[in-house]
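Undergrad: There's a structure below that I have some questions on.
The values are calculated or read from the model by the stated rules, or taken from the named source; none is laboratory data. Please read all numbers here as calculations on a predicted model, not as lab measurements. Ideal geometry is used to build each Cβ from the backbone, glycine not excepted, and the neighbour counts take in all protein chains shown.
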Amino acid sequence: MYEHLSRWAIFVGVPDPVAAAQDVLTADTASLRAWFAVARRLEVRLWQGAAALLDARAVLGAAWSAEAPRHLLDQLSEAALASREVLTAQTGAADGCAAVLDQASTLTVRAFDAATVSLAALGRDPAEGLNVTARALQEGQQEPVAAILTSLSEEVTRLNGLAVASLGELQHALAGDPLDPVERLPTSLPGGGRLGTGLAGRAAAAGELDAGLRAQLAADAAAGSAAGINARGILDAVGRAEAGGEQVTVLAYEPASPGQQGRAAVALGALHTADHVALLVPGSFSSATRMTTGVEHAAALRAGAAVASPGDETAVVAWYGYDTPGSAWTDGTAVSSVPGGAALLAIGDSLPLLDDAAAAVGGEELAADVGAFRALAAPSAHFSAVGFSMGATTLSHAAEQNADLDDIVLLGAPGAGRGISSAEDYAAVEPAHTYVVAFDQDPITQAGVDVRAWLLGDDFSGPAAEPFGPDPAAAPFGAQVVDAETNEPVDVETPVVAAVAGAVSGLGGLAHHRFGNYLRGSSGSATASVVTGRYADVPTKAPR
Amino acid sequence: MPDLTVDTVVLRQVAAQVRDAVDVLTPNRLDATAPCPLVDASLGASALGREVVGLAERRVRQGLEAADTLSTTARAAADGLDQAAAAFDDVEATAAEPAVPSQLPAPSSLPAFGPPPAAGPAGPPRPR
C-alpha cells in the first residue's frame, strides 16, 4: 500500500520508512489481547478461590482445633493470591503494550498518509513510473522530496522506538512466574496422602523413574563387563553432581554391551518444575561411561542460565543416548569386552566418524527421548537442545524428525546432516529458533572436513559430496548465526583423543573444537540466553 | 496426648466450602485447552518480539497450571476433611462417654492432618 514511499525513499537516499515500520504495522495486538483475556479470567478465579478458601478457613477454626488443616488452607489461599498478583501485573503490561502498539500503528499510517499528501502536492503520484520520478527529481524536486521522506523516516523511527519500549516493559513484567507460589506448596497432606496431580504427579513420576534406574545401575555396577564399567561411570557422574549440590534425576539408562556403548540421560535441576529444560548432546569420542564431563557441562550451562534469566528455573539434561563414534577409544569398555580385539573394535568404532550415519540414527532416539522428557516437565516448559560436533548433527536430524523442541543450538557442527538442506526442513523448529555457533578457528566446521572424510570413506560420489550435510553456518541454510569468538584454546584432554582425531581428520586447531570451549565466554552466554528464551540477548552476525 | 476439639457437622460444612473453592479455581475447559493465538512473529520479527511471544505463552500457561494445581490440591484437602469427619464420628460412636462438642484424644488411626492444636493464627487478610 505504501510501496511508493519505499521506492521514493530509496531513490533520494533516505532510510526506507516502510521497512522500519514493518513490525509496528504487522503487530497482532488482537491476539495479544485475546491471550491475556485468558489470564484475566484466571485472575478472577484465583481471587474468588482465595476468598472461598479463607471463608472455609474461618469456619474450620470452630470445627476442628488442630492447626495443620487451617495452615494448609492458609497456604492455598496465599498461593492463589500470590499467583494472581503476578498475573495482574502481566495482564496490565500486556494491555498497555497492546495500546501502545495500536497507537503507534495508527500514527504510522497517519504519517504515511500525510507524507503521501505532501508529496502529491509536489505532483508526485504513487502510481507514477520510475522514469517520471527521476525526471522530477532532476528538475529540482530532490530536496523537497528528501525533506518530506526524511521527516517521515524520523517519525516512524520514533514511533517504532515507543513500540520497542512497550515490548521491553511487557518483557520485564513477564519475568514473574505465576506457578512459583504453587510450587512452594507441600506435595502431600500433613498426615499422608498426595496432593495434586499435575505438578505432584510429575514429581512422583520422575522420582519413581530415577529410583528404578538407580537400582538397575547399582546392580549393573557390580559386574565386571562393559555394563559394569558403564554403570560405574554413570554413578560416579551422578555422585559428583550431587556432591556439588545439584538435584539429580536419572532419566534414562540402558546398559552397555559388547559393541553397544549403552545409553543414559541425567537431569540436573528439578525437571518437573523447571521453566526451561535444555538437553546437551555430546559429540564423537564421548560416552556415558565418561559422563562426568557431560554433567560438568550441564552444571555450567545451568549456572549460565541462572545469570541469563534470573528467577527462572532451568534444568539441564546430559543426554548420552546415541552411539557416538570413537567412544571405544576412550571409555574402556572395548578393552574389557573384547580381549585381544580392542584395537579392532576401536578402529571399527571410528569409521562412523566419516559420515553422519550415527547421527541420523541418534536423531530418532533423541526425538523420542525429548517426548518422554516432556511428559515429566511442566506443560509450559520451554524446551531446547544444544548439540556439539557430531551431537549437533544428531540434533539437526532430531529436529528434522519432529523433535518437540522450541529452540536448537548447533555448536561446532561438521554439518547439518545429509538430506537436510536448510533450517526450513526442520519439522518443529523455526529457522528463527535455529542457532549456530561455528568458531572460525574450528577446523571441524570448515569444508575441509568433508573433503577429508570423502578421501577416507568409500561411499561418496566425490569431493563435492557432503558426508555430514550442509554447513549450518552458511547463508543458504538460513539459521541464526551467533556472533561469538572462541575462548583461549584449551589442551586436548587425552593424547589418544588428539591422536585419533588428528589421524582421522588430518586437521589442526582442534583445541578450538571442544564442547567446553563452546560453552564458555560469549558462546556460552549466547547459548544460555537461547536456552532461557532470552533471544534479545543473543548477538547474531551475517552467515558465512 | 493432647485433646482435639471437633465438630464433625461443621467440619463437613467446611469441606463443602473448600469444594466451592475448587469449583471456582478450576480453569474452564475452553481456557485450559485454548491454543495460544500468538505466533512467533506476532509482535514483530525482532528477537525482542519473539522473546515476548514465548514469554507470554509460557506465563499464561503457567497461570493455568497454577490454578489447576490449586484446585486439585484444594479438592484433596476437602476429601481429607471429610475423611477426618468420618473417622472422628467412628471414634465417637465407640467412645464410652462422648460429648458434644467432642473432647477426643487424637487417635493414631485418624487422618493426622498434623499435630494438634493450640489456637491457630489469624491467617492472611481476606481479599477485598
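Undergrad: Is it true that some residue in region A:106-122 is more than 7 Å from chain B (Cβ to nearest Cβ) and modelled with pLDDT under 90? Even if it seems obvious, please write down each step before you answer.
TA: Let us first name the residues in region A:106-122 that are more than 7 Å from chain B (Cβ to nearest Cβ), namely A:106-122.
Filter once more, keeping what is modelled with pLDDT under 90: A:122.
Yes - at least one qualifying residue is present in region A:106-122.
Undergrad: Just to be sure I understand the filter: pairs with C-beta atoms under 9 Å, separated by 6 or more residues or on different chains, first member in region B:11-32 and surrounded by fewer than 17 Cβ atoms within 10 Å (Cβ to Cβ), second member outside any helix (DSSP H, G or I). Which pairs pass?
TA: B:ALA32/B:THR26
Undergrad: Sticking with this one: Quick check on region A:486-506: of everything there that is surrounded by 15 or more Cβ atoms within 10 Å (Cβ to Cβ) and touching a Gly at 6+ places or on another chain (Cβ under 7 Å), which residue is modelled with the lowest pLDDT? Working first, answer last.
TA: Within region A:486-506, the subset surrounded by 15 or more Cβ atoms within 10 Å (Cβ to Cβ) is A:486-487, A:492, A:497, A:500-501, A:504-505.
Next, from what is left, pick out any that are touching a Gly at 6+ places or on another chain (Cβ under 7 Å): A:487, A:500.
Numbers: A:ASN487: 84, A:VAL500: 53.
Per the stated criteria, the residue is A:VAL500.
Undergrad: Which strands (runs of 3 or more DSSP E) does region A:236-313 wholly contain that include 2 or more residues that are within 24 Å of A:ASN517 (Cα to Cα) and out of contact with any Cys (no Cβ under 6 Å at 6 or more places or on another chain)?
TA: Details: elements: A:248-254, A:263-268, A:276-281.
It comes to A:263-268, A:276-281.
Undergrad: Can you tell me which residue among A:ALA241, A:ALA226 is in contact with a helix residue (DSSP H, G or I) (Cβ under 6 Å, 6 or more places away or on another chain), of a type outside the set (Asp, Glu) and at pLDDT below 90?
TA: Result of the check over A:ALA241, A:ALA226: A:ALA226.
Undergrad: Further question on the same structure: Do any helices (runs of 4 or more DSSP H) lying entirely in region A:1-114 carry at least 3 residues that are under 29 Å from the mean Cα position of the chain (by Cα), and which ones are they? Walk me through it before giving the result.
TA: Numbers: elements: A:3-12, A:17-20, A:22-26, A:29-63.
Where helices (runs of 4 or more DSSP H) fall fully within region A:1-114 and carry at least 3 residues being under 29 Å from the mean Cα position of the chain (by Cα), they are A:22-26, A:29-63.
Undergrad: Wholly within region A:130-185, which helices (runs of 4 or more DSSP H) include no fewer than the required count, namely at least 2 residues that are in contact with a Ser or Thr (Cβ under 9 Å, 6 or more places away or on another chain)?
TA: Details: elements: A:130-136, A:142-173, A:180-183.
The helices (runs of 4 or more DSSP H) meeting that bar are A:142-173, A:180-183.
Undergrad: Filter region A:1-30 down to residues that are farther than 19 Å from A:ALA114 by Cβ and more than 9 Å from chain B (Cβ to nearest Cβ), then give me how many there are.
TA: Of the residues in that region, 3 qualify.
Undergrad: Oh, and also: Tell me whether region A:76-89 contains one or more residues that are at the interface with chain B (Cβ under 7 Å from one of its Cβ atoms), farther than 30 Å from B:PHE88 by Cβ, crowded, with 19+ Cβ neighbours inside 10 Å and among the aliphatic types (A, V, I, L, M). Let's see the steps before the verdict.
TA: Of the residues in region A:76-89, the ones at the interface with chain B (Cβ under 7 Å from one of its Cβ atoms) are A:76-81, A:83, A:87.
Among the residues that remain, those that are also farther than 30 Å from B:PHE88 by Cβ are: A:81, A:83, A:87.
Remaining after also requiring crowded, with 19+ Cβ neighbours inside 10 Å: A:81, A:83, A:87.
Within this subset, residues satisfying the condition of being among the aliphatic types (A, V, I, L, M) are A:81, A:87.
Within region A:76-89, one or more residues are at the interface with chain B (Cβ under 7 Å from one of its Cβ atoms), farther than 30 Å from B:PHE88 by Cβ, crowded, with 19+ Cβ neighbours inside 10 Å and among the aliphatic types (A, V, I, L, M).
Undergrad: Now for a different question. Please go through (1) surrounded by fewer than 22 Cβ atoms within 10 Å (Cβ to Cβ); (2) at the interface with chain A (Cβ under 7 Å from one of its Cβ atoms); (3) of a type in the set (Asp, Glu); (4) not in a loop (DSSP other than H, G, I, E, B) for B:GLU51 and return the number of the only condition it doesn't satisfy.
TA: (1)
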